[in-house]
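The values are calculated or read from the model by the stated rules, or taken from the named source; none is laboratory data. Keep in mind the model is a prediction, meaning the values are calculated, not measured. Here the Cβ positions follow ideal geometry from the backbone for every residue, glycine too, while neighbour counts run over all protein chains shown. Protein only, heavy atoms only, side chains kept; ligands, DNA and RNA dropped before computing areas. Shrake-Rupley method; radii C 1.70, N 1.55, O 1.52, S 1.80 Å.
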Amino acid sequence: MTTTLPVKISFSLPDGWQPAPPDEVGAPGAAFVALHLASMDGFTANITIAGRVRNDSASLWQIAEESVRRLQQAASVEVVKKTEAGTPDAPGLTDAPGVVQNLRLSGTLRGEPIELLQSQVYLGMEDVKDPGKRAVIELVLTAKPGQLREVIEDFKQFVRTVRLADDETSV
């Protein structure tokens, strides 16, 4: 079942990306999915947005590690790189604190072996009324190695557009 985000955000999709219903494209835990149809080659590069409210003290680094453990239930996972957002390696993402994690996944799709790369961005937004509560937004690009060069700059552009939104322009 498609989920909703704990906060309203706005963003702009780069040219060539099309929204798709999460449940229909096998991403039931996502609030939003966009497909890069031109990259379709046994796997379609995609961007997903998910999020939830956290009432614990887990850092964004720990939340990124939770994602690795979750993915390891279905595939072999290698953490290629992890850095804080807003650093020279991951500049100007948004005003929210964040962590960027790049992964290599090896698994199967429809019974065939597949290698995928993921770039995950975790953004944390504290609740000003309740400091013990915060929203964590997860932005993820998933692509085959041969597709990555074509879509990585689009993903970076997309992430730079993510903002908290008012009701009229939000997801």
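In this simple spin-label approximation, residue 84 and residue 133 carry label points 7 Å from Cα along the Cα→Cβ vector, and these lie 2.7 nm apart. Annotation for residue 13 and residue 70: the two label points, set 7 Å from Cα along the Cα-Cβ direction, are 2.2 nm apart.
Solvent exposure of region 15-81, expressed per residue, is 55 Å² of accessible area, with all protein chains present and a 1.4 angstrom probe. With contacts taken as Cα pairs under 8 Å at a separation of at least 6 residues, the chain carries a relative contact order of 28 percent. Computed from the C-alpha gyration tensor, the three semi-axes of the ellipsoid equivalent to the chain are 25, 18, 16 Å, from longest to shortest. Cβ-Cβ distance of residue 3 and residue 54, R₀ of 22 Å, FRET efficiency by 1/(1 + (r/R0)^6): the value works out to about 0.90. Rounded to the nearest Hz, the phi-derived 3J(HN,Hα) couplings of region 51-60 under the Karplus curve 6.51 cos²θ - 1.76 cosθ + 1.60 (θ = phi - 60°) are x, 7, 8, 10, 10, 10, 9, 4, 6, 4, where x marks glycine and proline. Evaluated with a Cβ-only charge set (Lys, Arg +1; Asp, Glu -1), the chain carries a dipole of roughly 320 debye about its Cα centre, given to the nearest 20. Put simply, the amide H of residue 30, placed in the peptide plane, has neighbours under 5 Å in 3, leaving out anything fewer than 5 places away on its chain. Cross-link partners for residue 156 among the lysines, with Cα-Cα distance under 23 Å and sequence neighbours closer than 8 places in the same chain left out: 8, 81, 82, 144. Peptides 54-60, 145-151, 116-122, 105-111 ranked from most to least packed give 116-122, 145-151, 54-60, 105-111, packing being the mean of other C-beta atoms within 10 angstrom over each peptide's residues. Compared with the alpha-carbon gap, the fully stretched path from residue 62 to residue 112 is longer by 14.8 nm at 0.36 nm per residue.
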